[in-house]
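Remarks on the structure that follows.
The values are calculated or read from the model by the stated rules, or taken from the named source; none is laboratory data. None of these values were measured; they are calculated from a predicted model. Here the Cβ positions follow ideal geometry from the backbone for every residue, glycine too, while neighbour counts run over all protein chains shown. These accessible areas exclude ligands, DNA and RNA; they are computed on the full protein's heavy atoms, side chains included. Shrake-Rupley method; radii C 1.70, N 1.55, O 1.52, S 1.80 Å.
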Amino acid sequence: PNSRLKAKPYKITLLWDASYSMRNRNLDKELNLLEEYIGYLQNAEIRFISFSNTIHRSDIFKIENGNWDALKKVIKSTTYDGGTSMNLFETLNLKSDELLLFSDGLDNLGYFSKENKQSVYSINSIVSANHETLSAIATLSGGSYINLVRLPHVEAVKMLKQEVFQFLGSNHDDSLSEIYPKNKVNVSEDFSIAGRFNKETTIELLFGYRGKVTERINVHIEKSTKTELVKRLWAKQKLNFLNLDKEQNREKIISLAKQYHLVTDFTSMLILDRIEDYVRYRIEPPQE
């Protein structure tokens, strides 16, 4: 995909997770990211909201010529305590160009709304985080998940500056079904899609930025060599979709995992040597 710079946002909402699980965050990495991004923007209006199980403070900082000392001082003085409730912002009127969510994604008291008009950039500096949730929050809004544990500083800053190129969906006839991914997916280097079909046909794949289609690719689908590997690849794509709401889809995940031999949050890999082992764990044995 061709990367392109986004228009510089002026109004930004910065959501700062101050729950107890964030006490070991890599604050230096997070501040360095903000330092370079704000220096790039130069002028901005940042609404800073710190929260855990309740909202602790909500202040507006006017940034001029890249000077954000007052905001930095407030961030450094944050006390970390309590659980995490990410549904606190639904009643707030967050009118901004984009949201910056600094959190580990461990939302044990309330879930972040997945319907956001602004792009959300979720930023995390802790290894033991809910990476799937943070990625889903960002991707569905047209933003990016920036994992500071894995990403180099230069790459993290680059992701904040650029628009996100995404797969936005597909057009097809009734001969295609159960196509995954169903939701928006960020495309940085490669992309894969899987589904079922009952006759030769064509699918139109849609790509673009912030929900607007800029590229259409037609792919002809026809029968080729049969292989179990393709079915497993499709099952893994379906699993990724079901994992967006794990608890709600628990039984579906277990059923899919048992059928296609997948390791999930609810299933493990078992080495079974005897027919009695298959009986004990209620797993269908292979034909032989």
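Let me know the Kirkwood hydrodynamic radius for the chain, please, with Cα pairs as the basis and the value in Å to one decimal. Before the final figure, lay out the partial values.
On the way: mean 1/r = 0.0467 Å⁻¹.
The answer is 21.4 Å.
On a 0 to 90 degree scale, rounded to 10, what angle separates helix 250-260 from the longest Cα axis of the chain?
50
Report, to the nearest 10°, how far helix 27-41 tilts away from the longest principal axis of the Cα atoms in the chain, using its own Cα long axis and a range of 0 to 90°.
Roughly 70 degrees between the two axes.
Sorted by packing (mean other beta-carbon atoms within 10 Å per residue), highest first, where do 160-169, 60-69, 234-243 land? Working shown, then result.
Values: 160-169: 19.2, 60-69: 14.1, 234-243: 17.6.
So the peptides 160-169, 60-69, 234-243, ranked by packing, come out 160-169, 234-243, 60-69.
Could you work out the Rg to Rh ratio of the range 6-65, with Rh taken as the Kirkwood radius (inverse of the mean 1/r over all Cα pairs)?
Working: Rg = 12.7 Å, Rh = 12.7 Å.
Value, to two decimals: 1.00.
Over the range 141-288, what lengths in whole Å, largest first, do the semi-axes of the equivalent ellipsoid take, defined as the square roots of 5 times the eigenvalues of the alpha-carbon gyration tensor? Can you show the working numbers first?
Numbers: eigenvalues 225, 110, 33 Å².
After scaling each eigenvalue by five and taking roots: 34, 23, 13 Å.
Using R₀ = 30 Å, calculate the FRET efficiency as 1/(1 + (r/R₀)^6) where r is the Cβ-Cβ separation of Lys62 and Asp28; round to 0.05. List each step's numbers first, then the result.
Values: r = 25 Å, r/R0 = 0.84.
After rounding, the FRET efficiency stands at 0.75.
What's the center-to-center distance, using Cα atoms, between the range 43-111 and the range 251-278 in Å?
Here the two parts' Cα centres lie 42 Å apart.
Which residue, Leu256, Ser141, Val185, has the largest displacement toward the positive end of the dipole of the chain when charges sit on each Cβ (Lys, Arg +1; Asp, Glu -1)?
Ser141
For the chain, what is the accessible area per residue in Å² when the probe is 1.4 Å? Intermediate results must be reported in sequence, preceding the final value.
Numbers: 16980 Å² over 288 residues.
About 59 Å² of surface per residue is accessible.
Rounded to the nearest 5, what is the percent of antiparallel bridges among the DSSP beta bridges in the chain? Please report the intermediate quantities before stating the final value.
Details: 30 of 51 bridges.
Here the share of antiparallel DSSP bridges comes out near 60 percent.
Calculate, for Glu178 and Asp81, the FRET efficiency according to 1/(1 + (r/R0)^6) with r their C-beta to C-beta distance and R0 41 Å; round to the nearest 0.05.
Working: r = 45 Å, r/R0 = 1.09.
After rounding, the FRET efficiency stands at 0.35.
Taking the Cα-to-Cβ direction at Glu251 and at Glu200 and moving 7 Å from each Cα, how far apart do the two end points lie in nm?
That separation, rounded to one decimal, is 4.1 nm.
Just to be sure I understand: with springs between alpha-carbon atoms less than 10 Å apart, which residue in Arg210, Arg150, Arg47 has the highest mean-square fluctuation in the Gaussian network model of the chain?
So, out of Arg210, Arg150, Arg47, the one fluctuating most is Arg150.
With a sphere of radius 12 Å drawn around the Cβ of Gln259, what net charge do the other residues whose Cβ falls strictly inside it have (Lys, Arg +1; Asp, Glu -1)? Write out the running numbers ahead of the final one.
Values: positive: Lys231, Arg232, Lys238, Lys252, Lys258; negative: Glu228, Glu284.
That sum, taken over residues with Cβ under 12 Å, equals +3.
Kindly express, to the nearest 10 degrees and within the range 0 to 90, the angle between helix 228-242's C-alpha long axis and the longest C-alpha principal axis of the chain.
For 228-242 against the chain, the angle is about 40 degrees.
Rounded to the nearest 500, what is the chain's calculated 222 nm mean residue ellipticity when only DSSP H runs of at least 4 contribute -39500 (n - 2.57) each, over all residues? Mind dumping the intermediate values first?
On the way: 7 runs with 76 residues, N = 288.
Taken over the chain, the calculation gives -8000 deg cm²/dmol.
If each residue of separation counts as 0.36 nm, what is the full-extension length gain between Glu215 and Asn240 once their alpha-carbon separation is subtracted? It would help to have the intermediate numbers written out before the result.
Working: separation 25, 0.36 × 25 = 9.00 nm, distance 2.44 nm.
Separation in residues times 0.36 nm, less the Cα-Cα distance, equals 6.6 nm.
How large, in percent, is the carbon and sulfur part of the accessible surface of the range 131-205 at a probe radius of 1.4 Å? Display every interim value, and only then the final one.
Details: 1660 of 3630 Å².
C and S atoms contribute 46 percent here.
Across every pair of different alpha-carbon atoms, what Kirkwood hydrodynamic radius in Å does the range 126-227 reach?
On the way: mean 1/r = 0.0644 Å⁻¹.
It is 15.5 Å.
So for the range 62-156, what percent of the C-alpha to C-alpha distances run longer than 20 Å? Can you show the working numbers first?
Details: 1989 of 4465 pairs.
Value for the range 62-156: 45 percent of Cα pairs lie more than 20 Å apart.
Treating the Cα atoms of the range 229-288 as identical point scatterers in vacuum, please give the log10 of the normalised Debye intensity I(q)/I(0) at q = 0.15, 0.18, 0.21, 0.24 Å⁻¹, two decimals.
Here log10 of I(q) over I(0) equals -0.49, -0.67, -0.84, -1.00.
Quick one: net charge of Leu176's neighbours, Cβ under 12 Å, K/R +1, D/E -1?
Residues close to Leu176 contribute a combined charge of -3.
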